[in-house]
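Let me begin by presenting the structure, written as structure tokens, before commenting on it.
The values are calculated or read from the model by the stated rules, or taken from the named source; none is laboratory data. Worth saying up front: this structure is predicted, and the values here are computed from it rather than measured. Because the Cβ atoms are built from the backbone with ideal geometry, glycine has one as well, and the counts that use them run over all protein chains shown. When the accessible area is computed, the model is the full protein with side chains, heavy atoms only, and any ligands, DNA or RNA have been set aside. Shrake-Rupley method; radii C 1.70, N 1.55, O 1.52, S 1.80 Å.
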Amino acid sequence: MKTQDSATADTAIAVDPETAAPSRRGGTLLAALGVVAFSLTFPATAWGLEGFGPWSLVAVRSVLAAFIAGGCLLALRVTPPAKEQWAGLAVVAAGVVLGFPLLSTLALGTSTTAHAAVVVGLLPLTTALFSALREGTRPSRTFWLAAAAGAAAVITFTVRQSGGALTGADAYLFGALLICAAGYTEGGRLARVMPGWQVIGWALVLCLPLTLPGALAALSCEPVRPTVHAVIGLLWVAAGSQFLGLFVWYRGMAAIGIPRASQLQLAQPLLTLVWSVLLLGEHLTLAAPLTAAAVLVCIAVTQRTRG
């Protein structure tokens with residue numbers, strides 16, 4: 001979960017020529033920090049919902065992240081993207097900045113973070129499918145079998161946990177998967193011609209005309225109880241998940257390569273399960289870690305066959 005606000009194994013990253021890449025060891029550390037940041041997104045969102053409404057949380061989160069990103073872009077005097085790149089940035093904004101945070105936050109209003117983590121563990125596979133369609137590539141039969149097995153495991157888990165039928169929260173989560181996968185796929189294409197942090201940075205800034213008035217409207221309509229947990233959760237999903245996590249993730253990926261970095265990301269759903277127990281006191285059923293592990297194996301197979 002480039003939870004977040006997360007990247008996939010098929011994403012190509014362009015290295016900023018003005019910034020020296022970190023060492024192999026430093027790159028591994030940066031990529032691992034990115035995975036940890038993404039794994040905390042759902043628990044932090046659950047904390048944020050203790051004091052903010054879902055619409056307020058998503059809108060304020062995006063505004064704060066946009067201010068951070070805009071400040072970095074201004075401080076580094078980054079040249080605005082070319083005209084033909086703004087359409088792709090709009091797709092990234094719709095999927096990663098607006099769609100996934102909103103749908104996953106609405107889902108967490110009635111779903112546990114552990115349940116959501118298992119479902120969203122399909123995101124790398126979903127993004128790989130979108131990428132194959134967008135790029136016109138033809139993955140192997142093994143890839144498709146592993147992808148189908150991962151999807152079947154998550155769907156089975158979801159239906160059993162929901163008492164035999166999908167709930168509204170499940171619909172939000174599967175919708176979040178689709179729209180985020182589209183945003184990640186387009187972001188991967190843009191990251192070939194500009195550094196990845198600039199992709200998310202410009203996408204955040206692009207959303208400001210919507211998120212700023214949206215935040216003001218939501219805060220005036222929804223109750224606000226800024227507890228310590230709620231404020232920490234809001235600050236984390238804004239600064240940690242939506243911007244800084246992606247920054248260190250892309251920098252680490254540029255240093256150690258996509259295949260090596262993507263292996264680190266396989267631990268993300270399992271890490272989220274751990275955080276859900278430690279930070280939220282949730283009680284896991286045996287099905288949750290087993291399904292997450294099954295999805296991890298399926299993702300590993302798809303990445304190996306794509307490589």
request  = Scan segment 75-95 for residues that are crowded, with 17+ Cβ neighbours inside 10 Å and hydrophobic (A, V, I, L, M, F, W, C) and jot them down.
outcome  = Val78, Leu89, Val91, Val92, Ala93, Ala94
request  = Check whether at least one residue in segment 104-124 is assigned to a helix (DSSP H, G or I) and more than 30 Å from Thr285 (Cβ to Cβ), and report yes or no.
outcome  = no
query = Which condition number does Leu33 fail, the rest of (1) in contact with a helix residue (DSSP H, G or I) (Cβ under 6 Å, 6 or more places away or on another chain); (2) open to solvent by 40 Å² or more (accessible area, probe 1.4 Å); (3) of a type outside the set (Phe, Trp, Tyr); (4) farther than 14 Å from Gln242 by Cα being met?
reply = (4)
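On the given criteria, is Ala149 closer than 25 Å to Pro289 by Cβ, surrounded by fewer than 20 Cβ atoms within 10 Å (Cβ to Cβ) and at pLDDT 80 or above? Break it down stepwise before answering.
Values: closer than 25 Å to Pro289 by Cβ: yes; surrounded by fewer than 20 Cβ atoms within 10 Å (Cβ to Cβ): yes; at pLDDT 80 or above: yes.
In short, yes.
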inquiry  = Between Phe52, Phe38, Phe100, which is crowded, with 24+ Cβ neighbours inside 10 Å, touching an Asp or Glu at 6+ places or on another chain (Cβ under 8 Å) and part of a loop (DSSP other than H, G, I, E, B)?
reply    = Phe52
request  = Determine, yes or no, whether Ala171 is open to solvent by 60 Å² or more (accessible area, probe 1.4 Å) and assigned to a helix (DSSP H, G or I).
outcome  = yes
task = Please report, ordered by residue number, the helices (runs of 4 or more DSSP H) entirely within segment 209-307 with at least 1 residues that are at pLDDT below 90 and under 27 Å from Ala66 (Cβ atoms).
result = 245-256, 258-265, 268-280
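Looking for whichever is farther than 26 Å from Gly34 by Cβ and either buried (at least 20 other Cβ atoms within 10 Å of the Cβ) or of a type in the set (Ser, Thr, Tyr) (or both) here; the options are Thr127, Thr185, Thr110, Thr105. Which one fits?
Values: Thr127 fails: farther than 26 Å from Gly34 by Cβ; Thr185 fails: farther than 26 Å from Gly34 by Cβ; Thr105 fails: farther than 26 Å from Gly34 by Cβ.
So the residue among Thr127, Thr185, Thr110, Thr105 that is farther than 26 Å from Gly34 by Cβ and either buried (at least 20 other Cβ atoms within 10 Å of the Cβ) or of a type in the set (Ser, Thr, Tyr) (or both) is Thr110.
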request  = May I ask you to list pairs of residues, at least six apart or on different chains, whose Cβ atoms are under 7 Å apart, with the first in segment 132-143 being of a type in the set (S, T, N, Q) and the second being open to solvent by less than 70 Å² (accessible area, probe 1.4 Å)?
outcome  = Ser140/Thr305; Thr142/Val301; Thr142/Thr305
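Before we move on, is Leu166 outside any helix (DSSP H, G or I) and under 26 Å from Pro54 (Cβ atoms)?
Yes, satisfied.
Those residues that are closer than 28 Å to Gly196 by Cα and over 13 Å from the mean Cα position of the chain (by Cα), I need them from segment 227-242; list them, please.
Start the filter on segment 227-242 by keeping residues that are closer than 28 Å to Gly196 by Cα, which leaves 231-242.
Residues satisfying the conditions are Val231, Ile232, Gly233, Leu234, Leu235, Trp236, Ala239.
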task = Only residues in segment 83-112 that are within 28 Å of Glu50 (Cα to Cα) count as the first member; pair them with residues that are of a type in the set (Phe, Trp, Tyr) and part of a helix (DSSP H, G or I), Cβ under 6 angstrom, at least 6 apart or cross-chain, and list the lot.
result = Leu103/Tyr172; Leu106/Tyr172; Ala107/Tyr172
ask   = Of everything in segment 201-216 that's under 21 Å from the mean Cα position of the chain (by Cα) and of a type outside the set (Gly, Ala, Ser), which residue is surrounded by the fewest Cβ atoms within 10 Å (Cβ to Cβ)?
value = Leu210
